[in-house]
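The values are calculated or read from the model by the stated rules, or taken from the named source; none is laboratory data. The model shown is predicted, which means the values in this text are computed figures rather than measured ones. Every residue, glycine among them, receives a Cβ derived from its backbone with ideal geometry; neighbour counts consider all protein chains shown.
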Amino acid sequence: MASERYKLVTHPDEVGRMVESLRQEPRLGLDTETTGLDPYRSRLRLLRLSSPTTPWGLDCFPLTRDHL
C-alpha cells in the first residue's frame, strides 16, 4: 500500500509541499483528531490525509487557518 513513511507537517512552509504531493492523487483518505469530544470547546489537533502512496499528517497547533 504505502511506499513511503508517514510525513508530519509541523511548519507552515511544509503545507505547500504536502498539497503538491496530494494534488495529483486519484483518491484521498481523511481523518481528524481533536482534543476532546465537545464540538464547541475541543480543538482540531491533527489532520491526516493519505493517498495510495503517501500518508501525511498536519500538526494543527503550530498552524493557523491561513496556513490551512
Inset, instruction - Restricting attention to strands (runs of 3 or more DSSP E) lying wholly within the chain, give those where 1 or more residues are surrounded by fewer than 10 Cβ atoms within 10 Å (Cβ to Cβ). - result: 29-34
Legend entry - Failed item, numbered, when Asp66 is tested on (1) at pLDDT below 90; (2) touching a Gly at 6+ places or on another chain (Cβ under 7 Å): (2)
